[in-house]
There are 2 protein chains.
Amino acid sequence: MEMDETLLMIPGPTRVAQRVLKAMSENIVNHRSALFGRILTETTEMMSDVFRTSNKSYLLTGSGTAAMEAAVANIIEPGDKILNVVGGKFGQRFAQIVEAFGGESITIDVEWGKAVNPDDIGYTLEENDDIKAVTVVHNETSTGVANPIREIGKIMDDYDALYIVDTVSSLGGDEVDVESYGIDICVTGSQKCLAAPPGMAAITLSNDAWRVIEAVDNPRTYYLNLKKYRKSGDAEPPETPYTPAVSLIYAMHEALKVIMEEGLSNRIKRHKIAAEATRNAVKALDLELFPDEAVSSTTVTAVNLPEGVTDGELRGTMRNKYHVELAGGQDHLKGRIFRIGHMGNITHRELITTFSALEMTLRELGFEVEMGEAVAAVADTYLPEDL
Amino acid sequence: MEMDETLLMIPGPTRVAQRVLKAMSENIVNHRSALFGRILTETTEMMSDVFRTSNKSYLLTGSGTAAMEAAVANIIEPGDKILNVVGGKFGQRFAQIVEAFGGESITIDVEWGKAVNPDDIGYTLEENDDIKAVTVVHNETSTGVANPIREIGKIMDDYDALYIVDTVSSLGGDEVDVESYGIDICVTGSQKCLAAPPGMAAITLSNDAWRVIEAVDNPRTYYLNLKKYRKSGDAEPPETPYTPAVSLIYAMHEALKVIMEEGLSNRIKRHKIAAEATRNAVKALDLELFPDEAVSSTTVTAVNLPEGVTDGELRGTMRNKYHVELAGGQDHLKGRIFRIGHMGNITHRELITTFSALEMTLRELGFEVEMGEAVAAVADTYLPEDL
């Protein structure tokens, strides 16, 4: 199998530490054994710590989308109204899932690049007292926008609708406090800020969420039926209803240990500095941020593609000549923006490499660039005590 | 993380070769890159070779159950009749999935331990000309029975209903020829005879199956929507609709290479000899096979628990003292049978270890056992040219 050493600066999958990759070469154990039960318990307990909740967490073998589907498919009955905040590709996805499972999606459409106004959610709930749940994507990976999930949580306090939040590309990198924000169902993925390999998702649910799920008679879901995950998780030894990706759970266990060793608050602070350094470097290059800077993401920065260069030229040169992989735009933003992921294990070092490569790439593509100015902007953002 | 070296003789997950485990420590690459596209293409092409089909195969991040759900959820509309052959836990599962997705499950109930009579499928299709599909579990892991999927295929030739076969615990270990048996949808899992780590499933579909899928307006599925897998698989570079378990695809790639190196026919022959050796050793110990021997599985042998010993005593001693893990019974067979998996990389060596441990375990539990007789029965089954 051919392999390469490209530096991944995309919004997931992110670079995985050697100790986490190595954890996957451990022998496979029986997934219905006491030993595996202990590994599963330790992993899900660390997951709940990262979610900042005292509720149990469950691991799903699947992508973040599987967890989004689980969040919706288990609570919905035909015709149920779900309010979806749509300001990017992943907000859209929640709405598509609601429709696929027979619900009625009511959307608050937010211009891509802007955050939702929490009051708009309040108004919509006020006008529609039969909305069963509200979905919000915390960090819209497609636009580089962070939505104000804490403030939305305060609004949601006044309503019965469940509060569902996708923290796939924020958990472990930006502020998420499931319990204090009043989040009822929170989902995430392994391959973003948690810096584990892709293929696992995690979900945690409040008692209110479980009450809604219990009242759904015949959910159109089997593999992702959360009642089965709860029952298996409560068994002795704890297990999963279907054979899980054992090796990926080893990797999650190790990746979560890395997070505990760094400290969740330190990790979030590191992400905030990396995001600031990225924005400063982008500005030093006279490039434009795509989103409103006030709501720009802590884990991925979206940048307008400068005039006179194509996405293929910019990202192709970065990848083929400098071995740094950036992400392009999605949907109507394809060819209009590029995105720099700075989530997971990203430090000053990877940003310096990325921006040095970007300086050289832009020079090669005919832009006037003073070599070192973006790199200096990164370096200037970090204080000695941040490193 | 604590680990152990127990020999897994369960019907999945099976022992994974070091070279396959090591493949997972390669760096994660972008799942939307040309490099990953090549790895994905090579892996799915080898999958189709193992399925023995010229149709494309698709990898799903999830367990075998996810692939069973994909097979059903994509073809079903509310009220559709699906014929499920139920002779064990996995046959039941197909029926449950049909009901969960709004279909009407018509079952042929087969006594656990016996195989279905293909003519019964013909009679049922004759009486119900609106049956949309028939599901058969090739190898009923819960009972150690192999159903006659070739003969069923001949019957199915006369009817329009789709022929769906679960080869989760047989593909790569027993005869499966998707194209010549006329199978429309065939599903399998990574962690059984393919000897890869758990967490991936594979599916392949005939043109007839795609025609049915295309006619379903609004399938109640999103993460497992097969039309999206086809579209992404046909993209350039080929990809998956949602972030896949990249490391597990590396492992599948390597595990399938191992199969190609051994040769699929050699591998199936090796499984047949291991099954025969297992049955001979069971008989040498005066233990009884649970299923009809004529239809007993090539990959897992179910044995009646002898009187005077509990499942916990027998399997507990095997595990704790001899570090050999056997499987117990499921559902109403719990405490009545134990199961020996001999799938994947199992050779003469692991069977000798297992039966020597079983001899000592039975002696310790008060049975009269002549040491070495089961081991000799294993050795006698293998001809020098088999090794």
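The values are calculated or read from the model by the stated rules, or taken from the named source; none is laboratory data. Note that the structure is predicted; figures quoted are calculated from it, not measured. Positions of Cβ are backbone-derived with ideal geometry, glycine not excepted, and every protein chain shown enters the neighbour counts. The protein model used for the area step is the full one, side chains on, heavy atoms only, and it has no ligands, DNA or RNA in it. Shrake-Rupley method; radii C 1.70, N 1.55, O 1.52, S 1.80 Å.
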Subject >> Matching helices (runs of 4 or more DSSP H) fully within region B:1-112 where at least 2 residues are surrounded by fewer than 24 Cβ atoms within 10 Å (Cβ to Cβ) >> reply: B:18-23, B:34-51, B:89-100
**OP:** Please find, within region A:374-385, the residue that is nearest to A:TYR322 (Cα to Cα) out of those that are part of a helix (DSSP H, G or I) and touching a His at 6+ places or on another chain (Cβ under 8 Å).
**Re:** A:VAL378
Subject >> Extreme residue, farthest from the chain's Cα centre (by Cα), among residues of region B:198-221 that are open to solvent by less than 10 Å² (accessible area, probe 1.4 Å) and of a type in the set (Ser, Thr, Tyr) >> reply: B:THR221
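From the list A:MET371, A:MET343, which residue is in contact with a Cys (Cβ under 8 Å, 6 or more places away or on another chain) and in a loop (DSSP other than H, G, I, E, B)? Even if it seems obvious, please write down each step before you answer.
Working: A:MET371 fails: in contact with a Cys (Cβ under 8 Å, 6 or more places away or on another chain).
Only one candidate qualifies: A:MET343.
I'm trying to understand the selection: among the residues of region A:354-377, which are among the aliphatic types (A, V, I, L, M) and surrounded by 15 or more Cβ atoms within 10 Å (Cβ to Cβ)?
A:ALA357, A:LEU358, A:MET360, A:LEU362, A:LEU365, A:VAL369, A:ALA374, A:VAL375, A:ALA376, A:ALA377, listed by residue number.
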Subject >> Residue tally, condition open to solvent by 10 Å² or more (accessible area, probe 1.4 Å) and not β-branched (Val, Ile, Thr), over region B:245-290 >> reply: 23
Original post:
Pairs under 6 Å by beta carbon, first residue within 16 Å of B:THR135 (Cα to Cα) and not assigned by TED's automatic domain parsing to the domain that holds B:GLY182 in region B:203-218, partner open to solvent by less than 10 Å² (accessible area, probe 1.4 Å) and among the β-branched types (Val, Ile, Thr), six or more apart or different chains?
Top reply: none
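Each row is one residue, and each column tells you yes or no for (1) out of contact with any Asp or Glu (no Cβ under 9 Å at 6 or more places or on another chain); (2) farther than 30 Å from B:ARG93 by Cβ.
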position	(1), (2)
B:ALA294	yes, no
B:THR353	yes, yes
B:LEU365	no, yes
B:ALA377	yes, yes
Original post:
Can you pull out the residues in region A:291-333 that are surrounded by fewer than 18 Cβ atoms within 10 Å (Cβ to Cβ) and acidic (Asp, Glu)?
Top reply: A:ASP292, A:GLU293, A:GLU307, A:ASP311, A:GLU313, A:ASP331
Original post:
Identify, please: which residue in region B:155-197 is in contact with a helix residue (DSSP H, G or I) (Cβ under 7 Å, 6 or more places away or on another chain) and acidic (Asp, Glu) and is, among those, nearest to B:ALA67 (Cα to Cα)?
Top reply: B:ASP166
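Provide a single number: the residues in region B:133-159 that are surrounded by fewer than 19 Cβ atoms within 10 Å (Cβ to Cβ) and outside any helix (DSSP H, G or I). Working first, answer last.
So in region B:133-159, the residues surrounded by fewer than 19 Cβ atoms within 10 Å (Cβ to Cβ) come out as B:148, B:150-151, B:154, B:157-159.
Now restrict to residues that are outside any helix (DSSP H, G or I): B:148, B:157-159.
Within region B:133-159, residues that are surrounded by fewer than 19 Cβ atoms within 10 Å (Cβ to Cβ) and outside any helix (DSSP H, G or I) number 4.
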**OP:** Those residues that are away from every other protein chain (no Cβ under 14 Å), within 18 Å of A:MET68 (Cα to Cα) and of a type outside the set (Val, Ile, Thr), I need them from region A:203-219; list them, please.
**Re:** A:LEU205, A:SER206, A:ASP208, A:ALA209, A:TRP210
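Take the residues in region B:184-195 that are in contact with a strand residue (DSSP E or B) (Cβ under 9 Å, 6 or more places away or on another chain) and of a type in the set (Gly, Ala, Ser); name whichever of them is farthest from the other protein chains (Cβ to nearest Cβ). Spell out how you get there, then give the answer.
Residues of region B:184-195 in contact with a strand residue (DSSP E or B) (Cβ under 9 Å, 6 or more places away or on another chain): B:184-194.
Imposing the further condition that a residue be of a type in the set (Gly, Ala, Ser) reduces the set to B:189-190.
Values: B:GLY189: 7, B:SER190: 9 Å.
Per the stated criteria, the residue is B:SER190.
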Subject >> Output for region A:160-188, where each listed residue is surrounded by 24 or more Cβ atoms within 10 Å (Cβ to Cβ), of a type in the set (A, V, I, L, M, F, W, C) and assigned to a loop (DSSP other than H, G, I, E, B) >> reply: A:VAL168, A:VAL176, A:VAL178, A:ILE183
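Results for (1) farther than 30 Å from B:THR243 by Cβ; (2) within 11 Å of chain A (Cβ to nearest Cβ); (3) touching a residue at least 40 places away in the same chain (Cβ under 8 Å), shown as yes or no for each residue.
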| position | (1), (2), (3) |
| --- | --- |
| B:THR61 | no, yes, yes |
| B:ASN74 | no, no, yes |
| B:LYS81 | yes, no, yes |
| B:VAL86 | yes, no, no |
| B:TRP112 | yes, no, yes |
| B:ASP129 | yes, no, no |
Original post:
When only residues in region A:160-173 that are touching a strand residue (DSSP E or B) at 6+ places or on another chain (Cβ under 8 Å) and more than 30 Å from B:VAL246 (Cα to Cα) count, which is nearest to the other protein chains (Cβ to nearest Cβ)?
Top reply: A:LEU162
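Among the residues that make up region A:359-371, is at least one of them in contact (Cβ under 8 Å) with a residue 12 or more places away in the chain, closer than 26 Å to A:ALA195 by Cα and out of contact with any Pro (no Cβ under 8 Å at 6 or more places or on another chain)? First the steps, then the outcome.
So in region A:359-371, the residues in contact (Cβ under 8 Å) with a residue 12 or more places away in the chain come out as A:359-362, A:364-367, A:369, A:371.
Of the ones still in play, those that are also closer than 26 Å to A:ALA195 by Cα are none.
Checking region A:359-371: not a single residue is in contact (Cβ under 8 Å) with a residue 12 or more places away in the chain, closer than 26 Å to A:ALA195 by Cα and out of contact with any Pro (no Cβ under 8 Å at 6 or more places or on another chain).
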Original post:
Given A:VAL136, A:VAL176, A:VAL116, which one is over 16 Å from the mean Cα position of the chain (by Cα), away from chain B (no Cβ under 14 Å) and closer than 22 Å to A:ALA275 by Cα?
Top reply: A:VAL116
Subject >> Looking only at region A:224-254, and only at residues there that are without any contact (Cβ under 8 Å) to a residue 24 or more places away in the chain and in contact with a Ser or Thr (Cβ under 6 Å, 6 or more places away or on another chain), the one that is nearest to the other protein chains (Cβ to nearest Cβ) >> reply: A:PRO241
Subject >> Residues located in region B:25-59, provided they are more than 14 Å from chain A (Cβ to nearest Cβ) and closer than 17 Å to A:THR65 by Cβ >> reply: B:TYR58
